[in-house]
Each structure stands twice: as structure tokens, then as C-alpha cells.
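Enquirer: Structure provided below as C-alpha cells; questions to follow.
The values are calculated or read from the model by the stated rules, or taken from the named source; none is laboratory data. Since this is a predicted model, take the numbers as computed values, not measurements. As a convention, Cβ positions derive from the backbone with ideal geometry for all residues, glycine included, and neighbour counts pool all protein chains shown. Surface areas here come from the heavy atoms of the whole protein model, side chains and all, with no ligands, DNA or RNA. Shrake-Rupley method; radii C 1.70, N 1.55, O 1.52, S 1.80 Å.
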Amino acid sequence: MSDSRLFIAVEVLDLLRSLPAREQRNLLQRFRDIAAFPARFSDFVEYDAASRRVDVHVFGKFAVKFWDDFADRQVKILDLHFADRS
């Protein structure tokens, strides 16, 4: 189990607030799960403009982009969108 701290982008929080309460709870729990075991939730990998590895996890109808900032012991939820859209 990782002792990383979880950080969530404000844009992700904005989208969360627009979802039904049950989906909010499920997604927040999944974010915590990702923070605890980031490697377990990497379905595929993308690279950002700075050539950093960004993992993508598909959770139901959502795609969660996150960065395991191992050096700083932080897991950062960078983006949340519907899985059928980029």
C-alpha cells in the first residue's frame, strides 16, 4: 500500500459535483484506491507535453487520468471524462 497523498484537479472536482451522489461516492473511492495502489489501476499510458507518463484507468463509463508522482509521494488525478471521449 502506498503512503502517497491524493491530489485532485479542480476541473475534476467541478465535473464530480455535476454527477449524481452515488457516482460521486464511487469515483472518490476509486481515486482513493488509485492513490493506495497506482500501478494496479493503469489500463494504458499516455505522455503529456513534458513527456511525463500519465496513466489512464477506465472505471465504468469514465476515464481517469492520473500521475503517480513517486518522487513527491503524491498521486494526482489530472482529468476525468467519459471513456468514449478524449
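Enquirer: Here are some residues: D55, D84, D79. Which one is over 12 Å from S4 (Cα atoms), part of a loop (DSSP other than H, G, I, E, B) and of a type in the set (D, E, K, R)?
Expert: Result: D84 is the single residue among D55, D84, D79 that is over 12 Å from S4 (Cα atoms), part of a loop (DSSP other than H, G, I, E, B) and of a type in the set (D, E, K, R).
Enquirer: Given R40, R22, R32, which one is open to solvent by 90 Å² or more (accessible area, probe 1.4 Å) and farther than 19 Å from A83 by Cβ?
Expert: Of R40, R22, R32, the one residue that is open to solvent by 90 Å² or more (accessible area, probe 1.4 Å) and farther than 19 Å from A83 by Cβ is R32.
Enquirer: Let me confirm something: among V64, V45, V58, which residue is under 20 Å from L19 (Cα atoms), surrounded by fewer than 17 Cβ atoms within 10 Å (Cβ to Cβ) and modelled with pLDDT of 95 or more?
Expert: None of the others qualify; the one that does is V58.
Enquirer: Name, by its number, the condition in (1) surrounded by 18 or more Cβ atoms within 10 Å (Cβ to Cβ); (2) modelled with pLDDT under 95; (3) not acidic (D, E) that does not hold for A50.
Expert: Of the numbered conditions (1) surrounded by 18 or more Cβ atoms within 10 Å (Cβ to Cβ); (2) modelled with pLDDT under 95; (3) not acidic (D, E), the odd one out for A50 is (1).
Enquirer: Turning to a different aspect of this structure: Which condition number does V75 fail, the rest of (1) without any contact (Cβ under 8 Å) to a residue 40 or more places away in the chain; (2) of a type in the set (A, V, I, L, M); (3) in contact with a Leu (Cβ under 8 Å, 6 or more places away or on another chain) being met?
Expert: Unmet condition: (1).
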